[in-house]
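Participant: Take this structure, written in structure tokens, and hold onto it; I'll ask about it next.
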Amino acid sequence: MKLPRGIFLTFWLSTCVSAQTPDWCKSQPRPAYSKLERVEIPDQWFEVYKIRPWVFAIYEPHQAEEVISYLVIGTQKAVLFDTGMGISNIKAVVEELTKLPVSVVNSHTHNDHVGDNWRFSNVYGMPTNFTRTNARGSTTDAQAELAPGQICGTLPTGFDPKSYRTRGFHISHWLHDGDRINLGDRTLEVISTPGHTPDSIALLDERNRLLFTGDTFYPGPIFLYRPETDLDAYVSSVKRLAGLASRLQLLLPAHNVPVAEPSDLPRVLDAIQQVRHGQAKSLRKDGKREYVFEGFSFLLSQ
Ligand SMILES: [Zn+2]
């Protein structure tokens, strides 16, 4: 029997797609995005969402990290909180959104947050050895981001997977806990939150009741298994952020979804304390231990 061409094509396409599509990709778009205001930009790699007036999330949905960088614009200058994977050009996206001078501040210097730092001349960093080492650039972690199952959809035209690496960058200013970055009509306060890495920070916009949490909290598996992670420091940092929760209106995390409830922070604190006191059950996952809670989990080493 000869199948009508349309049916054959549909069958062929669906087998192709299912063979290539990783599970995380099938659940996209994440439901939370339907409620957000999307801003159209020419670059197909990024998606931009306006979260608040003059606060934009720059999301990379086509790579498994689903990393989110943020552009916060004041009347005098703007801060780009992370520069993403370095797979497409985030600087060009930022220039579509503001003509003001832009300073880069990193939530921490893991490769998926500093990928386009090299494109900027004004980059703030925390004075840790971890930061200084990462500022030299690296290849291994970047290449791992392109492993089978890590990409959903297509890579940008002109991107060369073979030569992909995190390029080195120059830190022009050192930051410290409590520093305030004045953007004109808004101020971002640096809150040192070591734990996930030694150089992790959160940014607090107190007047607008926003907290940019970096990788200290996001709705998803929170990575706490790498050698640079310090679990005791992480507990202290979460405790500090949880103490701010009642003054906040919104959390803006660095992966998966750019909006979360401040009431999540005390829950994260309770959860990590349960883990540390041996009161939580874990599952084995890819050679790690995963402790699952409602809306997030912790991935620890064995
Ligand atoms: Zn990280």
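Participant: As a quick test, which of the pairs 26/285; 50/91; 91/285; 26/99; 35/281; 239/281 have an alpha carbon distance above 25 angstrom in this structure?
Facilitator: Cα-Cα > 25 Å for 91/285; 26/99; 35/281; rest within.
Participant: Once the mean 1/r over all distinct Cα pairs of the range 33-165 is inverted, what Kirkwood radius in angstroms do you read off?
Facilitator: Kirkwood hydrodynamic radius for the range 33-165: 15.3 Å.
Participant: Let me ask you something else. Could you state the principal axis extents of the C-alpha atoms in the range 213-302, from the largest down, to the nearest angstrom?
Facilitator: Here the spans come out as 37, 25, 25 Å, largest first.
Participant: Suppose the Debye formula is applied to equal point scatterers at every Cα of the range 249-302; what is log10 I(q)/I(0) at q = 0.24 Å⁻¹?
Facilitator: -0.98
Participant: OK, next. Determine the gain in length on full extension of the stretch residue 286-residue 174; use 0.36 nm per residue of separation and subtract their C-alpha separation, reporting nm with one decimal.
Facilitator: 36.6 nm
Participant: Convex hull over the Cα atoms of the range 118-235, averaged projected area in nm²?
Facilitator: 9.7
Participant: Further, regarding this structure: Apply the Kirkwood formula to the range 145-302: the hydrodynamic radius equals the inverse of the mean of 1/r over all pairs of different alpha-carbon atoms; give it in Å with one decimal.
Facilitator: 17.3
Participant: Round to the nearest 10 and give me the degree value, 0 to 90, for the angle of helix 264-276's Cα axis relative to the longest principal axis of the chain.
Facilitator: Between the helix axis and the principal axis of the chain, the angle is about 90 degrees.
Participant: May I ask for log10 I(q)/I(0) of the chain at q = 0.07, 0.12 Å⁻¹, from a Debye sum over the Cα atoms as equal point scatterers with solvent left out?
Facilitator: -0.27, -0.78
Participant: Continuing with the same structure: Report the per residue volume, in Å³, of the convex hull enclosing the C-alpha atoms of the range 90-163.
Facilitator: Looking at the range 90-163, the number lands at 126 Å³ per residue.
Participant: Now for a separate question. Quote to one decimal, in nm, the extra length available between residue 207 and residue 32 on full extension: 0.36 nm per residue of separation minus the C-alpha distance between them.
Facilitator: 60.5 nm
Participant: Another question about this same structure. What distance in nm separates the two pseudo spin-label positions at residue 235 and residue 294, each 7 Å out from Cα along the beta-carbon direction?
Facilitator: My value for the distance between the label points is 2.4 nm.
Participant: How much length is gained on full extension from residue 50 to residue 249, taking 0.36 nm per residue of separation minus their Cα-Cα distance?
Facilitator: 70.0 nm
Participant: Same structure, new question: I'd like the carbon and sulfur percentage of the solvent accessible area for the range 36-181, probe radius 1.4 Å, heavy atoms only, ligands and nucleic acids excluded.
Facilitator: Of all accessible area on the range 36-181, carbon and sulfur atoms account for 50 percent.
Participant: Compute the angle between helix 231-242 and the longest alpha-carbon principal axis of the chain, please, reported from 0 to 90 degrees and rounded to the nearest 10.
Facilitator: Computed tilt is about 80 degrees.
Participant: At 7 Å along the Cα-to-beta-carbon direction for both residue 159 and residue 136, put a label point, then send me their distance in nm to one decimal.
Facilitator: In this crude spin-label approximation the distance works out to 2.7 nm.
The values are calculated or read from the model by the stated rules, or taken from the named source; none is laboratory data. Since the model is a prediction, treat every value here as computed from it, not as a measurement. Because the Cβ atoms are built from the backbone with ideal geometry, glycine has one as well, and the counts that use them run over all protein chains shown. We work out accessible area using only protein heavy atoms, side chains counted, and drop any ligands, DNA or RNA first. Shrake-Rupley method; radii C 1.70, N 1.55, O 1.52, S 1.80 Å.
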